[in-house]
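The values are calculated or read from the model by the stated rules, or taken from the named source; none is laboratory data. Computed from a prediction, not measured in an experiment: that's the story for all the values here. Reconstructed Cβ throughout: ideal geometry from the backbone, glycine too, with neighbour counts over all protein chains shown.
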Amino acid sequence: MVSPLMKKSSSKLSVVRLGIVGLGNMGRYHVQTVLDGKIPGCQLTAVCDVDAPRLKPYAKLQTFTDYRELIRSGAIDALLVATPHYSHTPIGIAAFKAGLHVLMEKPISVHKADAQKLIAAYTNKKLVFAAMFNQRTDPHYQKIRELVQKGELGAIQRIQWTITDWFRSQAYYNSGGWRATWKGEGGGVLINQCVHNIDLYQWIFGMPQKIRAVCHIGRYHDIEVEDEVTATWEYANGTTASLITSTGEAPGVNRLEVAGDRGRLTLENGNLTFWRNEIPTSRYSRTTNEAYQVPATWKIEIPIRDRGEQHTGILKNFTNAILHGEKLLAPGVEGIHSVELINAMLLASFKDKAITLPIKAAEYDRLLQQLIRQSTFRKKVRRYRGAAGNYLLDC
Ligand SMILES: NC(=O)c1ccc[n+]([C@@H]2O[C@H](COP(=O)([O-])OP(=O)(O)OC[C@H]3O[C@@H](n4cnc5c(N)ncnc54)[C@H](O)[C@@H]3O)[C@@H](O)[C@H]2O)c1
């Protein structure tokens, strides 16, 4: 059925021939989703991985060990990129140059300068460019965004998000050569796991103006990147926000609290609760003769049924955007915001100063190059490479 989001399509395709590059944990998951027929209008025609044995199970499809050959092959209309982070930019740019639609795994790039290059290459706006921010399909976050945008909470005073349920063991970090190094992954909990929450943060509340942060490097794991972060953000209108995340805490928590002039909203354990003030706090404060009373409040439990379609939902939306012009839930160009916020938090911590946004892309690039040069983890990376280990999806 054609959704109301759909507008007149610019595409003449009746089916999207999809290629997937990167057949690791995430790429194989996407392959299976399409092969299981969960994405109407999408046909998997080709896969690519530099590691040739990973191609063997897909002998019925066209297979490639070089993404450039896949892109040149004429076998695909669209490319899903599920490779390690630094390769997202060159692969995306090559795909746009060849006139392919692109669905990019998160993060769209490791640093702002690369994200700018990728977005600059997206010149043909008839192509669809989406990002795999699967948590945007979650009805809890959609509802919070709607309430904030409709002004149901009034002026937002304070946001506090603790996301410490990203626990990862040392075995996880040992499971892939590119993981948890500045050179391979470009960061730790921020760029890998928490990028989802950071994307949602800016999607719901917009971009802050100033950032301070403490990023602990390898506090809980034998790694050279951050595994715990406490950050405070300031918005231009005075709203203050905090973000706490960690891969070293158990049991962790995912708790979002939003205080506004018209009440307070919390999301925890899938429960969305809104304490709604009968009259806005600011008006009550100005008009009451009571010194210690607070405004009367109604407690509203907002019923939300499920977690959304996650990765399948984003892939369906990408396919429908190509075939029918459906509005994108996670446009690829918006991916630069989470990259910039992550870069800013790391800059703030390493330089021990408040960072004003927009950041200077070259300044962060210099810091990153320095961290890569100073890395002492290369030997360990070689030792860990090939170690067994599979892990749960970072969703
Ligand atoms: N959206 C999510 O929930 C989610 C979850 C996990 C991972 N991811 C993202 O998916 C991407 C891949 O992560 P993963 O966990 O699957 O990694 P992985 O290490 O399991 O797999 C990466 C695969 O890419 C291949 N590869 C590397 N460079 C390549 C190149 N230049 N050309 C072709 N193939 C290449 C590797 O051989 C490997 O098979 C990352 O961007 C990661 O952040 C997203």
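State which residue is nearest to Gly92 (Cα to Cα) when the search covers only the stretch 58-67 and only residues that are loosely packed, with under 14 Cβ neighbours inside 10 Å and within 11 Å of the ligand (Cβ to nearest atom).
Asp66
Quick one: what pairs do we get from the stretch 253-269, first residue on the phi > 0 side of the Ramachandran plot, second surrounded by fewer than 18 Cβ atoms within 10 Å (Cβ to Cβ) and not charged (D, E, K, R), C-beta under 6 Å, 6+ apart or different chains?
Gly263/Trp275
Kindly indicate whether Leu55 is more than 9 Å from the ligand (Cβ to nearest atom) and over 26 Å from the mean Cα position of the chain (by Cα).
Spelling it out, Leu55 is indeed more than 9 Å from the ligand (Cβ to nearest atom) and over 26 Å from the mean Cα position of the chain (by Cα).
Would you check if Thr162 is among the hydroxyl-bearing types (Ser, Thr, Tyr), in contact (Cβ under 8 Å) with a residue 40 or more places away in the chain, closer than 25 Å to Arg136 by Cα and surrounded by fewer than 23 Cβ atoms within 10 Å (Cβ to Cβ)? Spell out the reasoning first.
Details: among the hydroxyl-bearing types (Ser, Thr, Tyr): yes; in contact (Cβ under 8 Å) with a residue 40 or more places away in the chain: yes; closer than 25 Å to Arg136 by Cα: yes; surrounded by fewer than 23 Cβ atoms within 10 Å (Cβ to Cβ): yes.
Yes, satisfied.
A quick yes/no check of all residues on (1) within 11 Å of the ligand (Cβ to nearest atom); (2) without any contact (Cβ under 8 Å) to a residue 40 or more places away in the chain; (3) under 16 Å from the mean Cα position of the chain (by Cα):
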site	(1), (2), (3)
Arg72	no, yes, no
Thr83	yes, no, yes
Gly99	no, yes, no
Val110	yes, no, yes
Gln116	no, no, no
Thr123	no, yes, no
Lys126	no, no, no
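Which residue, of Arg276, Arg286, is in the same structural domain as Ile159 (by TED's automatic domain parsing), basic (Lys, Arg) and exposed (fewer than 13 other Cβ atoms within 10 Å of the Cβ)?
Arg286
I need a count of the residues in the stretch 270-303 that are among the hydrophobic types (A, V, I, L, M, F, W, C) and in a loop (DSSP other than H, G, I, E, B). Full working, then the answer.
Residues of the stretch 270-303 among the hydrophobic types (A, V, I, L, M, F, W, C): 272, 274-275, 279, 291, 294, 296, 298, 300, 302.
Next, from what is left, pick out any that are in a loop (DSSP other than H, G, I, E, B): 279, 291, 294, 296.
Going through the stretch 270-303 one residue at a time, the tally reaches 4.
Sort out for me the strands (runs of 3 or more DSSP E) sitting completely within the stretch 211-269 that have 3 or more residues that are in contact with a Gly (Cβ under 7 Å, 6 or more places away or on another chain).
Details: elements: 226-234, 240-246, 254-260, 263-268.
Output list reads 226-234.
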